[in-house]
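Only the coordinates and a few stated rules stand behind these numbers; no lab work does. The model shown is predicted, which means the values in this text are computed figures rather than measured ones. Virtual Cβ from ideal backbone geometry, glycine too; neighbours counted across all protein chains shown.
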Amino acid sequence: MAGSGEDPPALVRDRADRHGGGRRIRDDLRADEIPAPDPAEGQVVITRFECPNLAVLLFLVALHTHIGRDVRRLAPGLVTSHGAVLWRERTLLSISVWRDLDSVYGIGSAQRHTFATRLPIRLGVATSSGVFSFTGDSRRVLFGSPVPPRSPLSPLKRNGK
């Protein structure tokens, strides 16, 4: 490694030549080394609402807050949800975290949410949505560290428990 005259491992490259730092990252991760997503270990759902004007954005923010209460009450698999507003872009990002893929379907229990899904098109709002599954410990996914997959939605074992 640095100063030892040895070359770094083939899968690790020094960032110093590109970014002025000495941290090591994986630059050539092979597809067979990337863990497969595990739908049972947590889901993140992100929905993007691009509004035509500020009034519609404000309406959607209020609606998101109001409907969020119903969803939290009626969908037990919801861990948390948050609305991020990108004011300059007149965009709302609805970000929700779910225990597993099956629990995402619990959102259908909230009738107000089902009704509200029909509003954006009527208001001229462009939408897109994606579901993202847990893939593994970030140290393993990003750097190839040999750490076991452990979802951050599961409690950590502390003090030998």
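I want the local charge near Pro120. Using Cβ-Cβ distances under 15 Å, sum +1 for each Lys or Arg and -1 for each Asp or Glu among the other residues.
Charge balance near Pro120 sits at +4.
Remark: Leu123, Leu63, Leu86, Leu57 ranked as Leu86, Leu123, Leu63, Leu57, counting other beta-carbon atoms within 10 Å and listing the fewest first. Each of Phe143, Phe115, Phe134 was scored by other Cβ atoms within 10 Å of its Cβ. Listed from fewest to most, they are Phe115, Phe143, Phe134.
Of the trypsin sites (Lys or Arg not before Pro) found in the range 76-141, those that fall in a DSSP loop while having at most 15 other beta-carbon atoms within 10 Å are Arg118. Going by neighbour counts of Cβ atoms within 10 Å, the residues Thr65, Thr135, Thr47 line up, fewest first, as Thr65, Thr135, Thr47.
The 3J(HN,Hα) values that the Karplus relation (6.51, -1.76, 1.60; θ = phi - 60°) gives for the range 121-130 are, in residue order, 4, 5, 9, x, 8, 8, 10, 8, 8, x Hz. Gly and Pro appear as x.
Would you mind getting me the FRET efficiency between Ser138 and His82? Use the beta-carbon distance for r and R0 = 30 Å, nearest 0.05. For R0 = 30 Å, the calculated efficiency reads 0.90. Compute the label zone of Leu156 within the range 112-137: residues whose backbone N is under 17 Å from the point 7 Å along Cα-to-Cβ. In the range 112-137, the label zone of Leu156 (backbone N under 17 Å from the point 7 Å along Cα→Cβ) covers 136-137. Listed values for the range 63-75 are Karplus-derived 3J(HN,Hα) couplings in whole Hz (6.51 cos²θ - 1.76 cosθ + 1.60, θ = phi - 60°), namely 5, 4, 5, 5, 5, x, 4, 5, 4, 4, 6, 9, 10, and x replaces Gly and Pro.
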